[in-house]
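Here, each number is a calculation from the coordinates, and none is a lab measurement. Owing to the predicted nature of the structure, the values given are computational and were not obtained by experimental measurement. Reconstructed Cβ throughout: ideal geometry from the backbone, glycine too, with neighbour counts over all protein chains shown.
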Amino acid sequence: MAMHGKHKMRDMGEIRNTDGPVGASPESNKKEKHYPSISISSKQLPELKGKKYGDGIELHIVGEVGGIREDYNDKEEVVYEIKIKEAACGGNIFKDEYDKMSEEEKDKEDEKEVMEE
């Protein structure tokens, strides 16, 4: 993982075991990475203007914990809802770093198709 400043960047992808409902297509059994996402308007963050689908960006966020949910199936896992108080958008992620994200981009592409239905 790339180091930005003094923060350790973590891959936020979570592999969910999608042995899905009976009758689901076999390809839905693949272990896919799912990424948390947020929606930000160009009014809130004007630096986003001109970005295209699939562009890599670096986002710096200052937040506040707005909710905490414990996972009943996995006592080790706790889900935090984060209110985004302030954000800054850095430059594009450099190409070599971006190329490593091709797998994630495929997931985003799949998600996009779902959103458009």
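A few notes on this one:
- Between ILE82 and GLY66, the built amide H atoms are under 5 Å apart, and every one of these is 5 or more places off in sequence or on another chain.
- Packing-based ranking of 72-84, 49-61 yields 49-61, 72-84, ordered from highest to lowest mean Cβ neighbour count within 10 Å.
- Virtual spin-label span in nm between LYS51 and GLU70, 7 Å along Cα→Cβ: 3.6
- The H on the amide N of LEU59, modeled in the peptide plane, is under 5 Å from the matching H of GLY90, each at least 5 residues off or on a different chain.
- Using 0.36 nm per residue and subtracting the Cα-Cα separation, the extra length available between HIS34 and LYS83 on full extension is 15.6 nm.
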